[in-house]
Amino acid sequence: MTTSTSPEDLLLDRALAGDESAFVELVDLYHAPLLRFARTFVRQPAQAEDVVQDAWVGVLRGLERFERRSSFKTWLFRIVANRARTRAVREQRYVQFEVNDDGSDASGNFTPEGKLKAPPREWQMTPERLLLSVETRALVDKALEQLPDNQRIVVTLRDIEGLDAADVCNVLGITETNQRVLLHRGRTRVRAALASALE
Amino acid sequence: MLSCRDVANQCSDYLNKDLPLRTRLAIRLHLWMCMGCNRYYDQMRSTLRMLRKLGREETKVSADRAREIFRSSRNS
Ligand SMILES: [Zn+2]
């Protein structure tokens with residue numbers, strides 16, 4: 001798949017030719033998302049910062065080439081994913097993305113026939129206030145923090161950074177099925193965490 | 001007829017608009033008739049909105065930090 005030239009492509013070309021201001025623009029666009037993503041692999045903020053800096057330096061030195069087989073954003077995320085994974089392995093942390101999808105449900109919310117035993121309780125906040133409230137923002141952060149690594153990584157890429165399913169598979173080198181199952185489980189857990197605070 | 005469990009299992013795909021039309025319609029019908037699933041779906045949708053909002057609120061890094069990285073790539 002080839003993608004047409006994007007504004008980021010041009011910024012990259014200029015940065016590679018030594019234009020510092022073009023690089024500043026790229027960093028402005030992507031550094032914060034990449035940092036958030038790196039933190040899903042390596043927990044220490046300083047190490048995550050290292051990983052992202054390393055990725056940028058690799059890009060600037062031409063160690064990483066943008067072949068335009070994916071979007072620019074996907075390419076950058078993949079570089080960070082690979083470096084963050086290497087780092088995590090060094091810390092003897094290994095993220096497993098293979099999951100079994102047996103379709104079972106351990107929530108205990110359903111009867112054997114699959115009917116909801118009871119409706120979920122109402123949340124004590126309107127959808128509008130949920131979006132604006134500082135407290136719920138903190139709740140979402142905490143819920144994410146408590147997800148298993150594999151679920152947090154997929155939810156971060158899909159829902160927070162807005163990559164599509166194919167991009168996430170590409171960035172992490174995982175199958176479509178694993179991507180879907182992890183996303184589903186992660187979102188389900190985040191909802192449950194919010195529910196226990198908002199009911 | 002879909003069960004509540006089927007609806008919960010496909011809720012994430014439904015939110016992604018990733019399902020064939022026939023399944024989407026079956027889910028919509030169930031949500032229309034089942035108060036519990038309807039509320040669950042609304043809460044999942046709110047959850048998703050809150051997650052998406054986190055991504056739009058990233059704090060920017062300073063240009064100084066960017067210049068520092070740029071210069072470090074040219075050393076050594
Ligand atoms: Zn139902």
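The values are calculated or read from the model by the stated rules, or taken from the named source; none is laboratory data. This one's a predicted model, so the numbers in the text were calculated from it and none came from an experiment. Neighbour counts run over all protein chains shown; Cβ positions are idealised from the backbone, glycine included. Accessible surface areas use protein heavy atoms only, side chains included; no ligands, DNA or RNA. Shrake-Rupley method; radii C 1.70, N 1.55, O 1.52, S 1.80 Å.
For the reader, a short list of remarks on this structure follows.
- Of everything in the range A:118-151 that is of a type in the set (Lys, Arg) and within 9 Å of chain B (Cβ to nearest Cβ), the residue that is nearest to B:TYR41 (Cα to Cα) is A:ARG121.
- Residues that are over 18 Å from A:PHE37 (Cα atoms) and open to solvent by less than 20 Å² (accessible area, probe 1.4 Å) were ranked within the range A:130-157; the one that is nearest to the ligand (Cβ to nearest atom) is A:LEU130.
- Within the set A:PRO127, A:PRO112, A:PRO120, the sole residue that is open to solvent by less than 40 Å² (accessible area, probe 1.4 Å) and over 30 Å from A:GLU49 (Cα atoms) turns out to be A:PRO120.
- Total residues in the range B:1-59, condition among the hydrophobic types (A, V, I, L, M, F, W, C), farther than 14 Å from A:PRO120 by Cα, in a loop (DSSP other than H, G, I, E, B) and open to solvent by less than 70 Å² (accessible area, probe 1.4 Å): 2
- Conditions (1) within 30 Å of B:GLY36 (Cβ to Cβ); (2) touching a Ser or Thr at 6+ places or on another chain (Cβ under 6 Å); (3) modelled with pLDDT of 90 or more; number of the one not met by A:ASN170: (1)
- Conditions (1) near the ligand (Cβ under 9 Å from one of its atoms); (2) touching a residue at least 24 places away in the same chain (Cβ under 8 Å); number of the one not met by B:ILE27: (1)
- Residue match in the range B:13-33 (condition: under 30 Å from A:ARG14 (Cα atoms) and not aromatic (Phe, Trp, Tyr)): no
- Exclusive hit being facing chain B (nearest Cβ under 8 Å) and either of a type in the set (Ser, Thr, Tyr) or surrounded by fewer than 18 Cβ atoms within 10 Å (Cβ to Cβ) (or both), set A:ASP19, A:ASP50, A:ASP13, A:ASP28: A:ASP28
- The listed residue being closer than 21 Å to A:ASP159 by Cα and not hydrophobic (A, V, I, L, M, F, W, C), out of A:ASP28, A:ASP13: A:ASP28
- Residue in the range A:159-171 that is among the polar types (S, T, N, Q), in the same structural domain as A:THR126 (by TED's automatic domain parsing) and open to solvent by 10 Å² or more (accessible area, probe 1.4 Å) present: yes
- Taking the criterion of being out of contact with any helix residue (DSSP H, G or I) (no Cβ under 8 Å at 6 or more places or on another chain) and either buried (at least 19 other Cβ atoms within 10 Å of the Cβ) or assigned to a helix (DSSP H, G or I) (or both), the residues of the range A:184-199 that qualify are A:ALA192, A:SER196.
- Identity of the residue in the range B:30-49, within 10 Å of the ligand (Cβ to nearest atom) and more than 7 Å from every other protein chain (Cβ to nearest Cβ), that ends up nearest to A:LEU131 (Cα to Cα): B:TYR41
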